[in-house]
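These notes are about the structure you will find just below.
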Amino acid sequence: MESISVFDIFKIGIGPSSSHTMGPWRAAQQFLLTLPLANVAGVQVDLFGSLAKTGRGHGTDIAVILGLAGEDPEFIDVERVHPIVAEIAESGRLPLAGTHAVTFNSAEDVVFHMVESLPFHPNGLTFTATLENGEKRSESYYSVGGGFVIQEHEVASGARAVKLLFPIHDADDLISYCEMRGLSIPEIVMENEKMWRPEAEVREKLRTIWRAMLDCTWRGCQVRGLLPGGLNVKRRAADLNISLLKEQTTNPDEWLANVKQLNCNFSDVLKWVSCFALAVNEENASFGRVVTAPTNGAAGVIPAVLLYWVTHHKGSEESIIDFLLTAGELGSLFKKGATISAALGGCQAEIGVSSAMAAGALCQVLGGTPGQVLMAAEIAMEHHLGLTCDPIGGLVQVPCIERNTMGAIKAITAANIAIESEPSQAKVSLDDVIRTMWNTALDMNSKYKETSEGGLAMQIPVNVSEC
């Protein structure tokens with residue numbers, strides 16, 4: 001089984017979707033590496049299955065264009081996303097890898113195949129380059145959730161084939177290592193991460209992930225107005241923030257310090273958790289910079305619960321690192337044993353997994369044993385089983401944004417139940433619930449898997465404009 005790092009689960013990029021935006025963007029970057037750029041005369045991108053059906057609402061066309069243009073989702077100036085795409089459309093020229101310009105018609109050279117799917121995965125896309133001598137070069141890729149991109153029959157190699165000190169295939173493996181070595185879950189995970197990079201670098205990268213989450217939440221708490229895409233959904237986090245904090249702040253650190261100083265009652269704590277989650281996913285819906293955790297559609301759950309820990313429990317920097325290490329490992333268990341792709345598993349694979357990750361991580365920093373940590377993750381997922389993915393208009397807005405608040409609240413509840421429980425008395429293990437989630441995904445009708453062909457998406461008529 002492939003080796004999955006915490007930094008495979010947590011990736012910095014832009015919204016609105018890890019599978020429909022981040023994945024296709026990375027696929028475009030990979031395709032560029034296969035080409036003799038100087039000899040390319042033109043390119044075409046064909047989108048299939050779920051990538052076609054909800055691609056416009058998820059910005060898939062924007063993502064592939066930017067990827068082919070040599071932009072990177074982690075570092076691009078988010079204010080330049082739409083201007084760059086507009087410049088390419090207006091000029092009819094696409095700068096491949098930012099250097100070699102070819103003729104490109106944005107409306108015709110990105111093709112949405114609404115009734116056709118590629119065989120390996122619902123999120124398939126094919127890039128075709130025409131060389132100056134008339135030869136065509138084509139490659140197909142699959143965006144399998146969480147920003148992961150593979151090709152059919154691809155074998156894990158490089159960083160994904162690293163031999164870990166503690167190979168973990170399921171939750172039983174994880175807890176066995178903890179018991180044999182007398183180590184906590186984050187200590188086991190850190191030993192594995194050190195097979196990729198030195199511990200100091202692991203810690204620095206985790207601090208960078210935390211910083212990106214904090215910055216994103218703060219930005220989301222400052223911006224008012226309507227979300228893009230045609231649904232005319234009003235951003236709510238900024239108004240909720242000011243009603244709770246009673247003052248404006250000029251930067252994320254000042255804001256965090258002020259929230260920490262509040263003496264909140266139970267109702268206000270719940271409002272803050274909701275505010276944190278709303279802020280992140282409103283940024284995500286607006287092509288803002290977020291952390292995939294484990295997906296973009298569920299990007300608000302982990303930051304909301306982590307910020308709850310930092311602000312209302314005064315969590316330390318060391319505990320933040322333990323939180324992220326634990327959450328990342330739990331996410332990898334779901335990816336290995338089931339899926340984190342809504343196109344394969346519905347929203348249980350996104351909000352459900354993120355809630356389980358957050359629940360276990362919170363239980364860890366609250367002082368939970370490895371058994372209690374796994375129990376918290378199981379409880380959270382157990383109450384997301386069967387959750388469908390039915391975004392109205394194909395946009396990651398309704399019901400996606402509010403679902404992040406619900407996932408965060410469920411995670412906190414699950415952690416609190418687990419920390420007061422005896423894991424040996426549990427009737428359902430984390431491995432049981434992961435298998436159940438996958439079986440549920442296999443039984444779920446495809447219209448409830450990120451196609452906008454079922455559920456709420458069919459009840460609310462909307463004409464989605466281009467983002």
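All of the numbers you see were taken from the coordinates with simple rules; none came from a lab. The structure presented is a predicted model; accordingly, all values stated were derived computationally and were not measured. When we count neighbours, we look across all protein chains shown, and the Cβ atoms used for this are built from the backbone with ideal geometry, even at glycine.
What the table below lists for this structure:
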item	result
Potential extension, N39-R80 segment - 0.36 nm per residue separation minus Cα distance	11.9 nm
Neighbour-count ranking [beta-carbon atoms within 10 angstrom, fewest first] of M357, M458, M406	M458, M406, M357
Nonlocal amide H pairs with S17, under 5 Å, H built at 1.01 Å	M22
Which of H169, H82 has the fewest Cβ neighbours within 10 Å, and the rest in rising order	H169, H82
Net lengthening on full extension, I417/A161 (0.36 nm per residue, minus Cα-Cα)	88.5 nm
Cα gyration tensor shape of the range 163-459, rounded if a/c is under 1.5, else prolate or oblate by comparing a/b with b/c	oblate
Span from the the range 66-87 Cα centroid across to the the range 277-310 one, whole angstrom	21
Gyration tensor (alpha-carbon) shape descriptor, the range 72-137, a/c threshold 1.5	oblate
Whole-angstrom gap from the range 343-418 to the range 170-215, using each part's C-alpha centre	20
All-pairs alpha carbon distance profile, the range 16-150, 10 Å steps from 0, percent	13, 49, 34, 4
GluC sites (Glu not before Pro) within the range 374-467, DSSP loop, no more than 14 other Cβ atoms inside 10 Å	E420, E466
For the chain, size of Cβ-based charge dipole, Lys and Arg +1, Asp and Glu -1, in debye	640
Residues T326, T436, T250 arranged by fewest to most Cβ contacts within 10 Å	T250, T436, T326
Modelled FRET efficiency - R0 41 Å, A107 with I242, Cβ distances, 0.05 increments	0.50
Longest DSSP-loop-exposure-free segment, trypsin sites (Lys or Arg not before Pro), the chain, at most 13 other Cβ within 10 Å	1-162
Sequence-separation-based contact order of the chain, relative, with Cα cut under 8 Å and 6+ spacing, percent	19
Degrees between helix 301-312 axis and first principal axis of the chain (Cα, 0 to 90, nearest 10)	40
Mean-position separation - Cα centroids, the range 125-147 and the range 1-43, in angstrom	12
Average Cα contact separation per residue, the range 325-443, under 8 Å, 6 or more apart, as relative contact order %	35
Acute angle (nearest 10 degrees) that the helix 81-91 long axis makes with the longest principal axis of the chain, alpha-carbon atoms	10
